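The values are calculated or read from the model by the stated rules, or taken from the named source; none is laboratory data. Just so you know, these numbers come straight off a predicted model, no measurement behind them. In this analysis, Cβ positions are derived from the backbone assuming ideal geometry, glycine residues included, and neighbour counts consider all displayed protein chains. Ligands, DNA and RNA are excluded from the accessible area calculation, which covers all protein heavy atoms including side chains. Shrake-Rupley method; radii C 1.70, N 1.55, O 1.52, S 1.80 Å.
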Amino acid sequence: MSDPVLVLDGIAKTYNPGAVNEVKVLDDVSLSVDRGEVVAVIAPSGAGKSTLLHIAGLLDTADAGRVILGGEDMTGLSDRRRTGARRADIGFVYQFHHLLPEFSALENIVLPQLAAGVSDSAARAHARDLLDRVGVGHRADHRPGALSGGEQQRVAVCRALANQPKVLLADEPTGNLDPGTSDAVFAALMELVRTTGLSAVIATHNLELAARMDRTLRLKDGALV
Ligand code: ADP
C-alpha cells in the first residue's frame, strides 16, 4: 500500500512573469514519494532541479500546484508555519557542505538539535552516533576546514538528518567529489537513509548513482517523466 510522505501536485513556477526576462521553469511537476523510498531526479543544468527542490523543501513557493508533506497540504500556510514544517520535516544536503566553519563537526550536528529543543547531552550523543554511522566519528572534534571534501559531505548528511526529518532533499550531494569519494559518500548516505527508513529525493548527474536508488525521474521541459 502506498504511503506517500511527500506529494507534489501540478507544481508550476515562472520567474519574472510577464517581463522580458521571464523564465518558465516548472510547468506541471507531479511526484509522490513513499515512506522509505529514494527517488533520483536527473536534470541537465538549468532544467530547474534546484527550483524544484526548493519548492519541495518549502524554501520557495510555487505559482500553482500543491506540496503535501506528511499528509498535510502546505499550500497557503503562513511563512512562520512553513518555516516550522521545514525545520521539523525536511533535511537538505547541497553540493557544497555549508557547514559552519567556526564550529566542530560534532557541534554542526548538535546546533540544529538544540534549536529544536533537544538537551545538550542528548544532542551530543545523537551527533556522535550519526558521525560513527557514516564513518567519521574520529573526526568529531575537527572543524570543517580540517576535513576532506568527502568527510565534509558526510558531516553535512549527518546535520541534515539531525532532527529526524521525514524527507531528505539532496542537490548533487556528491557533485564536488572525485568518483571514488563520491561513491563512498553516496554509499554512506544511502546506508543512513535505509536504516532510518527516511524518504529522499536526490538530484544527480550521475547515472550510476541514480541506478542505486528506487526510481529515476527526469526533469524535462518543466515536467518530471
Ligand atoms: P538547475 O538547478 O536545474 O540548474 P535552477 O532551478 O537553478 O536549475 O534554474 C532553472 C532556470 O531558472 C535557469 O534558467 C535559471 O537561470 C532560472 N532561475 C533560477 N532562479 C531564478 C531567479 N531567482 N530569478 C530568475 N531566474 C531564475
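One table, with the values for the structure above:
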| read-out | value |
| --- | --- |
| Segment 200-225 residues that are over 15 Å from V33 (Cα atoms), paired with ones that are part of a loop (DSSP other than H, G, I, E, B) and among the hydroxyl-bearing types (S, T, Y) (beta carbon under 6 Å, 6 or more apart) | A210/T204 |
| Identity of the residue in segment 16-70, touching a residue at least 60 places away in the same chain (Cβ under 8 Å) and more than 26 Å from L207 (Cβ to Cβ), that ends up nearest to the ligand (Cβ to nearest atom) | K24 |
| Some residue of segment 96-106 being touching a strand residue (DSSP E or B) at 6+ places or on another chain (Cβ under 8 Å) and either outside any strand (DSSP E or B) or open to solvent by less than 60 Å² (accessible area, probe 1.4 Å) (or both) | no |
| Pick from segment 1-15, criterion touching a residue at least 24 places away in the same chain (Cβ under 8 Å) and away from the ligand (no atom under 16 Å from the Cβ), ranking: farthest from R215 (Cα to Cα) | G10 |
| Condition check for A116: under 28 Å from G70 (Cβ atoms) and of a type in the set (A, V, I, L, M, F, W, C) | yes |
| Answer residue from segment 78-95, given it is surrounded by 13 or more Cβ atoms within 10 Å (Cβ to Cβ) and among the charged types (D, E, K, R) and is nearest to R35 (Cα to Cα) among those | D89 |
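The rows are residues; the columns are (1) more than 16 Å from the ligand (Cβ to nearest atom); (2) under 20 Å from the mean Cα position of the chain (by Cα); (3) of a type in the set (V, I, T); (4) more than 23 Å from A203 (Cα to Cα).
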{"residue": "A123", "(1), (2), (3), (4)": "yes, no, no, yes"}
{"residue": "V134", "(1), (2), (3), (4)": "yes, yes, yes, no"}
{"residue": "G149", "(1), (2), (3), (4)": "yes, yes, no, no"}
{"residue": "R154", "(1), (2), (3), (4)": "yes, yes, no, no"}
{"residue": "L168", "(1), (2), (3), (4)": "yes, yes, no, no"}
{"residue": "A187", "(1), (2), (3), (4)": "yes, yes, no, no"}
